[in-house]
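First up is the structure itself, then whatever we jot down about it.
The values are calculated or read from the model by the stated rules, or taken from the named source; none is laboratory data. Worth saying up front: this structure is predicted, and the values here are computed from it rather than measured. Ideal geometry is used to build each Cβ from the backbone, glycine not excepted, and the neighbour counts take in all protein chains shown.
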Amino acid sequence: MTTGLFLGKIATRSGYHAFEYSEYPSLIRGGHNVIEVRISDEEVHSQGQGVDLLLCLNKETADLHGHEVREGGVIVFDNEKTDESKLMKPDRNIHYVHIPFSRILRENSLPMVMLNNIALGVLMHLIGADMEILNTLIAETFARKGEEIITKNREAATLGMNEAKKNFKIDILHKLEKKSVISPKLYITGNEVIGLGAIRAGCQFYCAYPMTPSSAILHYLASKAEKAGIVVKHAEDEISVINMALGASWAGARSMVATSGGGFALMVEAVSLSGMTETPIVIVMGQRPGPATGMPTWTEQGDLHFVIRSGHGEFPKIVLAPGDVGEAYKLTVEAFNLADRYQTPVLIMADKYLQEGHQSVEKFEIQSRFDRDRIDRGKLLSQEELLKITSYKRYLITDDGISSRALPGMKQSLHQANSYEHGEDGHTTEDAGERVKQVDKRNRKEATYLSNDFRLPEVFGAKEPPLTVVSWGSMKGPILQAMKESGGSFNYVHFSRLWPLDFGKLKEFLGRFGKFLLIENNSTGQLGQLLTMATGIEFPQKLLKYSGRPVYPHEIMVKIKELL
Amino acid sequence: MNGQTATAKINSAFLGYFPTWCPGCGNFGIWSSLKTAFNKLQLEPDKMAVIFGIGCSGNMNDFLWANSFHALHGRAIPTAVGVKIANHKLPVIVIAGDGDTYGEGGNHLLHAARGNHDITVIVHDNRVYGLTTGQVAPTASKGAKSKSTPQGLIEVPVNPLALALTQGATFVAQGFSQDLVHLTDLIMSGINHRGFSLINVFQPCVTFNPANGYAFYRERVYKLAGDYDRSNLRLALDKSLELEDKIPIGIVYKTERPVYTDFLNQLKEKALVEEDITNRDLNKFIAEFI
């Protein structure tokens, strides 16, 4: 994993764009782990087909991925670990680079952990990258462990570099020469960028129970908690997680939780509690293939309907779905503002594919956003404002459906947040009239959202192409990549705001397009069903993938060729 | 102004609607003791947080008027923990039932005790589910007949005190709702205690569990002696095993241990909610991603 991360960083620090996709089984040790890094002069939106350089640190890599290497490509292998005769295909134009990784480790009495550095040294030579970048990365990574460790890691990398230099003077690859002008980029995962967004948004309490693919948000925020002024709590179960977060939010702390489908199922009763008590909360729902435990370390978009309909009873909720790391940052900050503005749950739907892979994003793109970001706490009263109110009512009936919030501890804040139906003052009620008034009040928040904060989906690509792709969330990457590689034979309607939807506006908007292709990383076309319900428009052409793997750009191009 | 009028005046601060509990309900004693304790401690209704569970006990939300959150069934404890972390300057009190605390939310009790979160959990223990009209509670005696156990309960009862003691609670007490003065003292001690406090209160349900009525408890409860060593965990564990024939009331165990928020450097100067969040500098966080 480190080798892949370093390679990506070396690429971005050399002035390139990079995208990382990983596959690994739900095991701690063993099994087959693979990291794919795609590097380009231009923005890279997704993983893809065909490999230029395959670095095999074990036998499985050579066996399983040897055939993916393109003509003219390179396979780096260790003959102690790989059956050379099986690997080498005389009918193919491939450079086979034998590096005796095991022997180098043995002869230099190096521990197994040094294998990464040796491999990186080999890579540096083969792709012609600047060794200084690797040396700097090693120094940064091991800064806290001291000079000795840094030197040892650098020496191992040099061993690899020298071994490759000694034997291979090949000049076949795209070289990763350092560019003369380099705009700084972040090389960051969806999980990390959601964490970054949460810090910027003023998240004060983050609570979670570990669950793939969202655990890394917990790890990231826990490591920054003191520096950022956030309390991070690993609670006993997901039920506790969300109820703690709602308690903290009621007391005034901006709160977020993250989980995956199974954990979210446990949280659902409290999603409804957030709706009823009108307590803001941000929930990151990182999808993975279900049902039940499913395929924990793989990817899917199978929970759209579950999330939109989560929680018993009727109440408004807002569901967002970022398509890449830039959007994930932006929508995380926005989610906190929306939660405070509408005093209701806001869900960010992501998935393993977006959350665990690194993507490069221009530093200025994130920086210019966070310089502009504003914290909007909606109708949260200050102490001064509260003192001006003669008889404070937490659930006051209002035109926009949103009532002012006071916090416990403020003078004259006396109120109750009530999971029972309640009157304006928070007291429990079963009165028919008061019930209807409160239901209507809560529902009006949806209308307020639709008029103030609803946005139509973003459209990418040509103005009047013969085909329009419709999708949502993380499938944006493979679709934009396919668009780039196919020369723009289609355009793309990207949904990143999934609920509530303005049915009327959507019908008019979708009516402008001709033929549709629905692409989703699930088996039933859930967005398509939702849009049909909302607009009556049907999506007979579908590309649905639910093998636990993301859709690939070439699969999109094949499908589009079929349709045109 | 004499003392009596002053008390009456303050008392009204916590007074909500008149309870809807059955006449003779054990909850009245707890309600009354709570109000007295809050007044004696000079708590202010808007500068505290009372988290209610769901059940006849939780219905006190409308009868006891303080800043409150009427939580989900079983989830009052995690809600309270969240409130306390967000604003550790507020006194946080949980009012919940035996089903809430030892059944639906049993897991939360264990972990809140481990964390020594500075909250006071007052549990209404009547061995029956009243609001759902008479099924056994986790504290019901083995063999108890109810709507859900017409042939008699197969399980043995949970042991609330032993549970809390073994999971790290730093204040464990038991009270009886008919002894208001004693119960008021327990509640005050629990709120004054810095750390996780569990007060299990026997509170007869005269409607659905007359077998465990006032007479049942009066014949069995006894006050822990003045020279009882409440700092001795082994002795406390012994006392926690007295469940049927003779049942102790009073402070069974009390010890000092830093509370959860003491370990959070972020909270050294201010409560979490007092921090300015409007302008966090992201530049110091993005360097590692370049």
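Data for the structure
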| item | result |
| --- | --- |
| Residue A:149 being surrounded by 14 or more Cβ atoms within 10 Å (Cβ to Cβ), away from chain B (no Cβ under 14 Å) and more than 17 Å from residue A:5 (Cβ to Cβ) | yes |
| Single unsatisfied condition, residue A:310 versus (1) within 14 Å of chain B (Cβ to nearest Cβ); (2) over 30 Å from residue A:364 (Cβ atoms) | (1) |
| Qualifying positions in segment B:140-190 - basic (Lys, Arg) and crowded, with 16+ Cβ neighbours inside 10 Å | none |
| Residues located in segment A:93-134, provided they are in contact with a Gly (Cβ under 7 Å, 6 or more places away or on another chain), assigned to a loop (DSSP other than H, G, I, E, B) and closer than 14 Å to residue A:153 by Cβ | none |
| Flag if residue A:39 is within 27 Å of residue A:166 (Cβ to Cβ), buried (at least 20 other Cβ atoms within 10 Å of the Cβ) and either in contact with a Leu (Cβ under 6 Å, 6 or more places away or on another chain) or hydroxyl-bearing (Ser, Thr, Tyr) (or both) | no |
| Pair list, Cβ < 8 Å and 6+ apart or interchain, from segment B:210-229 residues that are without any contact (Cβ under 8 Å) to a residue 40 or more places away in the chain to residues that are exposed (fewer than 13 other Cβ atoms within 10 Å of the Cβ) and outside any helix (DSSP H, G or I) | B:220/B:244; B:220/B:245; B:220/B:246; B:222/B:246 |
| Those residues of segment A:69-99 which are of a type in the set (S, T, N, Q) and either in contact (Cβ under 8 Å) with a residue 60 or more places away in the chain or surrounded by 14 or more Cβ atoms within 10 Å (Cβ to Cβ) (or both), in sequence order | A:79, A:82 |
| Residue selected from segment B:245-290 under the condition among the polar types (S, T, N, Q) and over 25 Å from the mean Cα position of the chain (by Cα), by the criterion nearest to residue B:232 (Cα to Cα) | B:265 |
| Residue tally, condition of a type in the set (A, V, I, L, M), in a loop (DSSP other than H, G, I, E, B) and within 14 Å of chain B (Cβ to nearest Cβ), over segment A:190-215 | 1 |
| Considering residues of segment B:65-118 that are facing chain A (nearest Cβ under 8 Å) and hydroxyl-bearing (Ser, Thr, Tyr) only, the residue surrounded by the most Cβ atoms within 10 Å (Cβ to Cβ) | B:79 |
| Counted residues, segment A:531-556 - those being surrounded by 19 or more Cβ atoms within 10 Å (Cβ to Cβ) and either of a type outside the set (Lys, Arg) or over 24 Å from the mean Cα position of the chain (by Cα) (or both) | 6 |
| The listed residue being within 12 Å of chain B (Cβ to nearest Cβ), part of a helix (DSSP H, G or I), more than 15 Å from residue A:351 (Cα to Cα) and not basic (Lys, Arg), out of A:220, A:187 | A:220 |
| Breaking point among (1) touching a strand residue (DSSP E or B) at 6+ places or on another chain (Cβ under 9 Å); (2) at pLDDT below 95; (3) surrounded by 17 or more Cβ atoms within 10 Å (Cβ to Cβ), for residue A:365 | (3) |
| Residue A:229 being over 23 Å from the mean Cα position of the chain (by Cα), closer than 18 Å to residue B:286 by Cβ, facing chain B (nearest Cβ under 8 Å) and of a type outside the set (Lys, Arg) | yes |
| Any chance residue A:478 is at pLDDT 95 or above and closer than 30 Å to residue A:420 by Cα | no |
| Candidate set from segment A:156-184 (those that are surrounded by 13 or more Cβ atoms within 10 Å (Cβ to Cβ) and within 30 Å of residue B:283 (Cα to Cα)); member that is farthest from the other protein chains (Cβ to nearest Cβ) | A:177 |
| Of all residues making up segment A:18-63, the number that are free of Cβ contacts under 8 Å to residues at least 12 places away in the same chain and part of a helix (DSSP H, G or I) | 0 |
| The lone exception for residue B:140 - which of (1) within 10 Å of chain A (Cβ to nearest Cβ); (2) touching a Leu at 6+ places or on another chain (Cβ under 7 Å) it fails | (1) |
| Residue A:66 being outside any strand (DSSP E or B) and surrounded by fewer than 16 Cβ atoms within 10 Å (Cβ to Cβ) | no |
| Helices (runs of 4 or more DSSP H) (entirely within segment A:452-564) containing at least 1 residues that are more than 19 Å from residue A:305 (Cα to Cα) and among the basic types (Lys, Arg) | A:476-486, A:503-510, A:553-563 |
| Sole exception among (1) touching a Lys or Arg at 6+ places or on another chain (Cβ under 9 Å); (2) assigned to a helix (DSSP H, G or I); (3) in contact (Cβ under 8 Å) with a residue 24 or more places away in the chain for residue A:162, by number | (1) |
| Subset of segment A:408-440 that is more than 26 Å from residue B:86 (Cβ to Cβ) and of a type in the set (D, E, K, R) - its residue that is surrounded by the fewest Cβ atoms within 10 Å (Cβ to Cβ) | A:430 |
| Some residue of segment A:272-281 being more than 16 Å from residue A:337 (Cα to Cα), among the hydrophobic types (A, V, I, L, M, F, W, C) and more than 11 Å from chain B (Cβ to nearest Cβ) | no |
| Positions within segment A:441-490 being surrounded by 15 or more Cβ atoms within 10 Å (Cβ to Cβ) and among the charged types (D, E, K, R), in sequence order | A:441, A:442, A:444, A:445, A:446, A:453, A:476, A:484, A:485 |
| Pair list, Cβ < 7 Å and 6+ apart or interchain, from segment A:236-250 residues that are more than 7 Å from chain B (Cβ to nearest Cβ) to residues that are of a type in the set (Gly, Ala, Ser) | A:238/A:263; A:241/A:208; A:241/A:235; A:242/A:270; A:249/A:255 |
| Qualifying helices (runs of 4 or more DSSP H) (wholly inside segment B:172-290; at least 1 residues being of a type outside the set (D, E, K, R) and away from chain A (no Cβ under 14 Å)) | B:180-192, B:214-220, B:233-240 |
